[in-house]
Amino acid sequence: MSAGNTQNTENTERTENPLPPPDVIRGRVAWIFGDDFDVDLVIGVENIKYYDPDVLRSVCMRRYDPEFADTVRLGDVIVGGRNFGYGHPHYPPLVALRNLGITAVLAESFSPGFWRGETYNGMPLLAVPGISTAVRRWDRVEVDWRRSRVRLVDTGARLAGDPLSDRVVKVIEAGGSLNLLLAEHRAARAAD
Amino acid sequence: MPSTITEKILARAAGVDRVAPRENRAFRPDHMIAYDFPGYTDVMFRQMHDDFGITELAEPERYLVFIDHMLTRGGPREEEVHRVTREWCDHYGITLHEAEGIGHQVAAELGYALPGRFLIHFDGHISGLGAFGALGWGVRRDLLEAWVTGRIFLDVPASVRFELTGEFRPGVDNRDLIHSIIARLGADGCAHQVMEFTGPGARSMSIDRRQGLCGMAMFTGAVSAVFNPDDLSLEHARRVAATPFEPLYSDPGAAYTGVHEIDLSQLEPQVVLPGSAKGANTRNVDQVAGTPVTKAFIGSCASGRLEDIRTAAEVLRGRRVADTVQLNVVPTSVEIHRRAEAEGLLDVLRAAGAAVAESSCDFCFGYQRPLAPDENCISTGVLNISGRMGSTEANIFMGSAATVAASALTGRITDPRAEVPR
């Protein structure tokens, strides 16, 4: 846990609930990261306390591609290697990516803490063995996220990952755990 | 079908006879734990009350809150965070432990972490409770799910077994073991699994060492770590238990994804280079010996227990910390502080020039006496990412309490085996 989290308690849960993804995500590979990638580097360790969208946009991916914010669009995905999200992940880096339109992360595997935290926030995180070497930047992909299937549009190649559990599918469909829990809670109260 | 201790604890928490890895189902934790921190507890309490309309709890005894962060500055903002936490706990009838030490340790001292129990927290270092044959699992924001529904959906993890032989040699401890495992298997070597420590080496290990070892499980990618109960942990459990408990044990023939054999007597002191605790950053101490340090820290939920303080006192007894180094020692809990004082260990450390601080999490996350740019710190904290203990321009090396004490003595990273009395 970072000392930096002390300033943004008011809007954290509101800025991070995304719209649920479409049944099939259609977009491009916006970036490919290597193994053990620490997501804090997406915005820089010095910025992990910020949730302000303008600040996040101004720092997101600057060290990798200064044009990133202007070139990605809704439906694009991030690709990672093994153990994506390793380290002591904070939430703003994925908020920053989501704000720019990033709709899913496909990686060889995920660090468990990162996977749990961002699944809660409603981001589809799909472990797809082989993905990091099968794609190049800006390749077009179609992602059937419920079944963890990826089709590379330009070559027709298909990759299959570990399917999400039924519970996680519900979390993503609801736009995050908080939305799902609230819906379940209201339904249970109405039934009483 | 034989089961692991993890599967048995989870089966009991699910109210079924048996669970198998990869099953996703709802589990009922015995305790649902948090420490107060902005963005976590304040948000969760408000969500529970305002969004879910929960105005009273059916089982407040299953909730547990600690105030162990942000204790040392006493500013108005910190006090406001703590005040809000006190009010919510009072409103809901939740037991609150304030300034008694780091919650992951205090939970053990107060008898929450009993054999067979299942405990969750938003913070992954709760895995340290595996030392007692309990299962502690860090679930991040999903703690809210448990707080509002009383149960939590999880994937049953597979287990990986570490068959330990031998005993730690002087100057080598659980920190060297966990960093050796990370160096050997990688930072995802145990991903999504539970590390289970077995064998004569596991049984030879003190409770302090077991807690420190299990508490660092996340840096192998593991979701938790556990020891099977034995005479030592059962004796502790009987002493602190306020309620009956049922120890659970792995069956012979239970399934593991792998078995790793490690001879504790062959381990070398390990130092983790600044960055993070991954294999590529892990070195035998002799490879980095001589690196100058200006700050040294012994404490945290992974180190800072009585045995760590004893080790540091052995190294520093009758000697002085180097003029160029500030050594900060923070016992992990108030109880440990009291016992270390009673044994005279803290006097030894003070006489050597160390500053002994009240127990809290504050040094480890850069809240108390943060590092200045370009400082080199050698630390027993749990994390050495950039900015963790202060400036993003400071360097944090990690090692055992013995390595930190020996390095504080010389002002340079030092092999503790040269300094620990045999």
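The values are calculated or read from the model by the stated rules, or taken from the named source; none is laboratory data. Note that the coordinates shown come from a computational prediction; the quantities given were computed from them, not determined experimentally. When we count neighbours, we look across all protein chains shown, and the Cβ atoms used for this are built from the backbone with ideal geometry, even at glycine.
So which pairs qualify, if the first residue must be in the stretch B:138-162 and more than 10 Å from chain A (Cβ to nearest Cβ) and more than 13 Å from B:I120 (Cβ to Cβ), the second must be charged (D, E, K, R) and assigned to a loop (DSSP other than H, G, I, E, B), the Cβ gap must be under 7 Å, and the two must be at least 6 apart or on different chains?
Qualifying pairs under 7 Å: B:V156/B:R22; B:V156/B:E23.
Of everything in the stretch B:47-87 that's at the interface with another protein chain (Cβ under 9 Å from one of its Cβ atoms) and at negative phi, which residue is nearest to the chain's Cα centre (by Cα)?
B:H69
For the stretch B:328-336, indicate whether the set of residues that are within 28 Å of B:A418 (Cα to Cα) and within 14 Å of chain A (Cβ to nearest Cβ) is non-empty.
no
If B:G171 meets every condition in (1) more than 14 Å from chain A (Cβ to nearest Cβ); (2) under 16 Å from the mean Cα position of the chain (by Cα); (3) surrounded by 24 or more Cβ atoms within 10 Å (Cβ to Cβ) apart from one, which number is that one?
All conditions are met except number (2).
Within the stretch B:373-395, track down each residue that is at negative phi and either assigned to a helix (DSSP H, G or I) or touching a helix residue (DSSP H, G or I) at 6+ places or on another chain (Cβ under 8 Å) (or both).
Passing the criteria: B:I378, B:S379, B:T380, B:V382, B:I385, B:S386, B:T392.
Exactly one of these conditions fails for B:I181: (1) more than 28 Å from B:T243 (Cα to Cα); (2) surrounded by fewer than 24 Cβ atoms within 10 Å (Cβ to Cβ); (3) touching a His at 6+ places or on another chain (Cβ under 8 Å). Give me its number.
Condition (2) is where B:I181 drops out.
Does the stretch B:307-325 contain at least one residue that is farther than 19 Å from B:I126 by Cα, hydroxyl-bearing (S, T, Y) and crowded, with 24+ Cβ neighbours inside 10 Å?
Yes, there is a match, as at least one residue in the stretch B:307-325 is farther than 19 Å from B:I126 by Cα, hydroxyl-bearing (S, T, Y) and crowded, with 24+ Cβ neighbours inside 10 Å.
If A:V135 satisfies every condition in (1) under 17 Å from B:I54 (Cα atoms); (2) surrounded by 19 or more Cβ atoms within 10 Å (Cβ to Cβ) but one, which is the exception?
Answer for A:V135: the failing condition is (1).
For the stretch A:9-52, which positions are under 25 Å from B:H82 (Cβ atoms) and modelled with pLDDT of 90 or more? Can you show your working first?
The initial filter retains those residues of the stretch A:9-52 that are under 25 Å from B:H82 (Cβ atoms), namely A:9-14, A:48-51.
Listed by number, the residues that qualify are A:Y50, A:Y51.
Scan the stretch B:371-388 and report the pairs whose first residue is within 16 Å of B:T291 (Cα to Cα) and whose second residue is among the hydroxyl-bearing types (S, T, Y), with Cβ atoms within less than 6 Å and a gap of 6+ or a chain change.
Hits for this filter: B:E375/B:T294; B:N376/B:T294; B:I378/B:S407.
Going by what's in this entry, would A:A127 be described as within 14 Å of another protein chain (Cβ to nearest Cβ), free of Cβ contacts under 8 Å to residues at least 40 places away in the same chain and crowded, with 21+ Cβ neighbours inside 10 Å?
Answer is yes for this residue.
Just checking, does the stretch B:396-415 include any residue being in a strand (DSSP E or B), more than 18 Å from B:A277 (Cβ to Cβ) and not charged (D, E, K, R)? Write out each step before concluding.
First, the residues of the stretch B:396-415 that are in a strand (DSSP E or B): B:396-398, B:412.
Checking the rest, the ones that are also more than 18 Å from B:A277 (Cβ to Cβ) come to B:412.
Cutting the leftovers down to not charged (D, E, K, R) gives us none.
No, the conditions are met nowhere in the stretch B:396-415.
Of the conditions (1) of a type in the set (S, T, Y); (2) within 12 Å of the chain's Cα centre (by Cα); (3) within 11 Å of chain B (Cβ to nearest Cβ), A:T103 satisfies every one except a single condition; which number is it?
(3)
Looking at B:A418, is it in contact with a helix residue (DSSP H, G or I) (Cβ under 9 Å, 6 or more places away or on another chain), under 24 Å from B:I178 (Cβ atoms) and surrounded by 24 or more Cβ atoms within 10 Å (Cβ to Cβ)?
No: the conditions fail for B:A418.
For the stretch B:103-120, which positions are out of contact with any strand residue (DSSP E or B) (no Cβ under 6 Å at 6 or more places or on another chain) and surrounded by 23 or more Cβ atoms within 10 Å (Cβ to Cβ)?
Of everything in the stretch B:103-120, those that are out of contact with any strand residue (DSSP E or B) (no Cβ under 6 Å at 6 or more places or on another chain) and surrounded by 23 or more Cβ atoms within 10 Å (Cβ to Cβ) turn out to be B:H104, B:A107, B:A108, B:A113, B:L114, B:P115, B:R117.
Being touching a Ser or Thr at 6+ places or on another chain (Cβ under 7 Å) and of a type in the set (A, V, I, L, M) is true for just one of A:V150, A:V128, A:V135. Which residue is that?
Among A:V150, A:V128, A:V135, only A:V128 is touching a Ser or Thr at 6+ places or on another chain (Cβ under 7 Å) and of a type in the set (A, V, I, L, M).
Identify all residues within the stretch A:63-87 that are within 14 Å of chain B (Cβ to nearest Cβ) and surrounded by fewer than 24 Cβ atoms within 10 Å (Cβ to Cβ); write none if there are none.
Passing the criteria: A:R63, A:G81, A:R82.
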